[in-house]
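None of the figures in this text is laboratory data; all of them are computed from the coordinates on show. For clarity, every value in this text was computed on a predicted model and none was experimentally measured. Virtual Cβ from ideal backbone geometry, glycine too; neighbours counted across all protein chains shown.
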Amino acid sequence: MKIAFIGQKGIPAKSGGVENHVENLAVELAQKGHAVFVYVRNNYTDKNLMEYKGVKLIHLPSIPTKNLDAISHTFFAIVHAIFQKYDVVHFHSIGPNSLNFLIKIFKPKTALIATYHCQDYLHQKWGAFARTYLKLGEYMTCKITDKTIAVTKTLQKFVRDKFKKETVVIPSGVRVAKNANTNELEKWGLKENEYIISVSRLIRHKGIHYLIEAFKNLEDRNLTGGKKLVIVGDGFYTSDYVAELKKIAEVSKNIIFVGAQNGEALSQLFSHSYLFVQPSNFEGLSIALLEAMAYGKAVLVSDIAENVEAVAEAGVLFKQGDVVDLENKLAELIGNQERVNALAQAGKERAEKLYNWNELAYKIENVYKEAINRKNKNNRN
């Protein structure tokens, strides 16, 4: 099959769940012998990189503003795709899907697939107009495509209830290996098993302010066990929020912002942490959470439905937005190495069983084949 991906910023992934998802899926499909093409933004992927692990990269410009970056790049990608002979065009995220009807109109024989990752309009960074537009994209994701993939059962139920549309649930996956090196940790003064980690974009709905407040409270009570809190990630048009986080954290020398990290540095940060915390108000399916589980780290997460589905009994939940509950759960885990070890093992086993990219790519490949076969049958009739 000849397969194109539209909607992501690019690959290799620097940050972001969608980019990580597309990178892993595209590489898996290329290794299976398919011709795979990923549309990438010039402001994200190195312009000199034309191929990545067997995946062809198509560089196109975008209008690099908060509201126009994604949609402008999507439009240029669709225009290019219309003149190609793709068997499958696979859109990611609800915003880019607002334009998927153009493939439907101009390439009616091409299988049109969408993956619903997250209800992006719930994110506080968007204004009223952007939220309305994202809801249009949600409609197009669920009603126009030949097949819609939901990354969680929670999203599947939402789509069924709101749009009377059946989706197939195929989650994101992870592919990691524990890193024995520790040289990258030295520049931040970190030691193995002596820090708690959180990895996310610094956007208000990610709830990092809850985590910082909870950790500060533990410091006041002398219950951190000498551990530090490491915040990995940068803002995304949210400089005010980033400044707010650093302001409330400045009284502590043990809260460390290391910025966005990837590759070797991120691998080491995950591998040698004591505990992973994800305090979000909203998520689709958190790639960082799945990675933490795959690295064999105990996880403490907010009790939103998507997190509950991801961790099941292999993690600890705290009440969303409740700093006191988060503080108490942190204290319990900091003081109980045995339980942390047991949770780490359970999480790793769950990640290997349910979030293995080789198996997930096979399922998505079957979705493509079913959509193509259905189109061919309809065309013959």
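Below is a table of values for the structure above.
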| item | result |
| --- | --- |
| Computed Kirkwood radius, in angstrom, where 1/r is averaged over Cα pairs of the range 257-381 | 16.4 Å |
| Neighbour-limited loop hits for GluC sites (Glu not before Pro), the range 311-381 (at most 11 other Cβ within 10 Å; DSSP other than H, G, I, E, B) | 313 |
| Using a Förster distance of 22 Å, the FRET efficiency for residue 165-residue 132 (Cβ separation, nearest 0.05) | 0.60 |
| Contour excess over end-to-end distance, with Cα ends at residue 374 and residue 192 and 0.36 nm allotted per residue | 60.2 nm |
| Estimated [θ] at 222 nm from DSSP helical runs (n ≥ 4, -39500 (n - 2.57)) normalised by residues in the chain, nearest 500 | -13500 deg cm²/dmol |
| Three-way shape label, the range 290-355, alpha-carbon gyration tensor, a/c 1.5 | oblate |
| Kirkwood Rh, Cα atoms: Rg over Rh of the range 6-135 | 0.95 |
| Square roots of 5 times each gyration tensor eigenvalue, C-alpha, the chain, largest first, Å | 37, 21, 20 |
| Qualifying chymotrypsin sites (Phe, Trp or Tyr not before Pro) for the range 20-123 [loop in DSSP, other Cβ within 10 Å: at most 14] | 83 |
| Beta bridges per DSSP with both ends in the chain, % antiparallel, nearest 5 | 5 percent |
| The chain, relative contact order in percent, only Cα pairs under 8 angstrom and at least six apart counted | 15 percent |
| Protection-proxy order for peptides 256-265, 146-155, each taking the mean of Cβ atoms within 10 Å per residue, highest first | 146-155, 256-265 |
| Added length on full extension, which subtracts the Cα-Cα distance from 0.36 nm per residue, residue 105 to residue 237 | 44.1 nm |
| Chymotrypsin sites (Phe, Trp or Tyr not before Pro) within the range 325-376: DSSP coil, no more than 13 neighbouring Cβ in 10 Å | none |
| Per-selection Kirkwood Rh - the range 9-72 (Cα, Å, 1 d.p.) | 12.0 Å |
| Extended-chain gain in nm, criterion 0.36 nm per residue less alpha-carbon gap, residue 50 and residue 366 | 111.0 nm |
| Cα gyration tensor shape for the range 183-354, rounded if a/c is under 1.5, else prolate or oblate | rounded |
